[in-house]
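S.K.: Pasting a structure below so you can have a look.
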There are 2 protein chains.
Amino acid sequence: MIRIVLADDEDLIRGALAALLELEDDIEVVGQASNGRAAVDLVRAHRPDLAVLDLEMPGWDGLDAARRLHTESEIPVVIVTRHARPGVLKRALAGGVRGFVPKTTPASRLAEILRDVHAGKRYVDPEIAASALSATSCPLTERELELLRYAQDGGTVNTIAERAHLASGTVRNYLSSAMTKLGVDTRHEAARKAWEEGWI
Amino acid sequence: MIRIVLADDEDLIRGALAALLELEDDIEVVGQASNGRAAVDLVRAHRPDLAVLDLEMPGWDGLDAARRLHTESEIPVVIVTRHARPGVLKRALAGGVRGFVPKTTPASRLAEILRDVHAGKRYVDPEIAASALSATSCPLTERELELLRYAQDGGTVNTIAERAHLASGTVRNYLSSAMTKLGVDTRHEAARKAWEEGWI
DNA sequence: GGCCGGTCGTGACATCTGTCATGGCCCGCT
DNA sequence: AGCGGGCCATGACAGATGTCACGACCGGCC
């Protein structure tokens, strides 16, 4: 029997995934959480064989929780995600994640994947693996990434400068540098591109 | 027995929802689709009692399919969505949708809701209903909305003008008008705000 | 008919933005 | 010590952007 802790912030989806997994004779969902922190607590309490974590969650996301679990226990973690971005896959593997499955995976395959991971194997969606391998590694600097994060929600340079505690000229320089590296013409396109690659 | 056609573009989620619904003795999923058009075809073929459609799907989305189904048959439609935006709820109700449930709804409630809708009732998530009622109705003009849609992916004014077959000055005027109405300073903030309200 | 509102465009203006050159500071590497 | 690279800032410039005023056309409404 494979005992699982399941985390997803959307109750409906989490419940549905639990129902899907409970159909399997050898799988048991022993705990459900709606954020990464609660998931870590549940793992400590229940000592399951596997943790299945949604990537996008408020507060601690799936990756935060996975890293925490990797350092404090040997529980294998499978990340489930809607947006399969290459950079995120790399960070997940670096964080000790054992399985990476996008939500486009057929439902019938999930149980097999969990069994494989439980048996010590690793699973990475082949599509994302390919794009992660062919993807160029992030050419951006830490500050550039930070400012791109701020640039994501469409504010002005002054807004960004204020939030980052920097001079507006400095902000423009960093963003300009990022735009050049990414080959785009506006900071918004740069932010979008960096997000799609999974860098921010 | 309530016979259901289920549509969601994410295989894993669709399969999980099917598993959840199949747990109920009085519910049967007779067909699954990954886009709105396929869902309509399935409804024509199977004549189910209910259609459960995810809102966000490529090609025909859940709302497109719901409108189509409303005009050609009397099948009640329940929309499931991740982003519960007030404007979308209004459009959904106008399109004859009988149920509107966000993915934050507890999984245990879904079956009840479907039974209620099948019995002729309507269901709208109370949270979204409240924000839809308190929301100001869209003050934007058709062209303003169109240009905001183009503005969503961060291109320059010239890009937008080209796509809309308009002079760039005209584009700036419309977007300026929209920004004033929405009380923001950049077209990107305006596009974001309009999206959050469900207007685009 | 007059009036209003939406649509499309032009011109002008102030400001914002992206680019470039330049400099200083600190850290790590050779 | 010299060099490179990231970090922070300034100044200057061209072009993009947002605002405003204005005009034209069309359709609906009173």
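Readers should treat all values here as calculations from the given coordinates under stated rules, not as data from a laboratory. Model, not experiment: these values are computed from the prediction. Backbone-built Cβ (ideal geometry, glycine too); neighbour counts: all protein chains shown.
S.K.: Pull out the extension gain between residue A:137 and residue A:71, defined as 0.36 nm times the separation in residues minus the alpha carbon to alpha carbon distance; nm, one decimal.
M.R.: Result: 21.2 nm gained on full extension.
S.K.: Give me the one-decimal nm value for the distance between modelled label points at residue A:121 and residue A:109, 7 Å along each residue's Cα-to-Cβ direction.
M.R.: It works out to 1.2 nm between the two label points.
S.K.: Taking a point 7 Å out from Cα toward Cβ as the label site, list the nm distances between residue A:134 and the same residue in every other copy, smallest first.
M.R.: Its label point is 4.8 nm from the equivalent points in the other copies.
S.K.: List the residues whose amide H sits under 5 Å from the amide H of residue A:123, counting only those 5 or more places along or on another chain, with H placed 1.01 Å from N in the peptide plane.
M.R.: Those lying under 5 Å, H to H, from residue A:123 are A:99, A:100.
S.K.: Residue A:58 label points, 7 Å along Cα→Cβ, one per copy: pairwise distances from this copy to the rest in nm, shortest first?
M.R.: 3.0
S.K.: Follow-up question, since we're still on this one. How many partner chain Cβ atoms sit within 10 Å of a residue's Cβ in peptide B:96-107, on average, as a whole number?
M.R.: Partner Cβ neighbours, averaged per residue: 3.
S.K.: Here's another thing I want to ask about it. Taking the label point as lying 7 angstrom from Cα along the Cα-to-Cβ axis, what are the distances from residue B:25 to the corresponding position in the remaining copies, in ascending order and in nanometres?
M.R.: 2.4
S.K.: Another one. Can you give the mean number of other chain Cβ atoms that lie within 10 Å of the Cβ atoms in peptide B:5-15?
M.R.: 5
S.K.: Shape of the protein assembly as shown from its Cα gyration tensor (a ≥ b ≥ c, root eigenvalues): rounded if a/c is under 1.5, otherwise prolate when a/b > b/c, or oblate?
M.R.: Oblate, since a/c reaches 1.5 and b/c is not below a/b.
S.K.: Can you list the HN-Hα couplings for segment B:146-162, worked out from phi with the Karplus curve (6.51, -1.76, 1.60; θ = phi - 60°), rounded to whole Hz and with x for Gly and Pro?
M.R.: 4, 5, 5, 4, 5, 6, 4, 9, x, x, 7, 4, 4, 4, 5, 4, 5
S.K.: Quick one: divide the alpha-carbon radius of gyration of segment A:1-110 by 2.2 N^0.38 Å and tell me what you get.
M.R.: 0.95
S.K.: Same structure, new question: So how far, in whole Å, is the C-alpha centre of segment B:151-190 from the one of segment B:74-122?
M.R.: If we compute the Cα centre of each part, the gap is 34 Å.
S.K.: Is the shape of chain A best called rounded, prolate or oblate, per the rule: a/c under 1.5 gives rounded, else a/b larger than b/c gives prolate, else oblate, with a ≥ b ≥ c the square roots of the Cα gyration tensor eigenvalues?
M.R.: Prolate, because a/c is 1.5 or more and a/b exceeds b/c.
S.K.: For chain A, what is the calculated [θ] at 222 nm in deg cm²/dmol (nearest 500), taking -39500 (n - 2.57) for each run of four or more DSSP H residues and dividing by its residue count?
M.R.: Per the formula, -16500 deg cm²/dmol.
S.K.: Let me ask you something else. Any idea what the dipole of chain A comes to, in debye rounded to 20, about its Cα centre with Lys/Arg Cβ at +1 and Asp/Glu Cβ at -1?
M.R.: For this selection, approximately 700 debye.
S.K.: May I pose another question? So how tilted is helix B:62-72 from the main axis of chain B? Cα-based, degrees 0 to 90, rounded to 10.
M.R.: It is inclined by approximately 60 degrees.
S.K.: Another question, then. Tell me, what is a quarter of the convex hull surface for the C-alpha atoms of segment A:142-197, in nm² with one decimal?
M.R.: 3.3 nm²
S.K.: A further question on this structure: Which distance in nm do the two modelled labels at residue B:196 and residue B:165 give, with both placed 7 Å along the Cα-to-Cβ direction?
M.R.: In this crude label model, residue B:196 to residue B:165 measures out at 3.4 nm.
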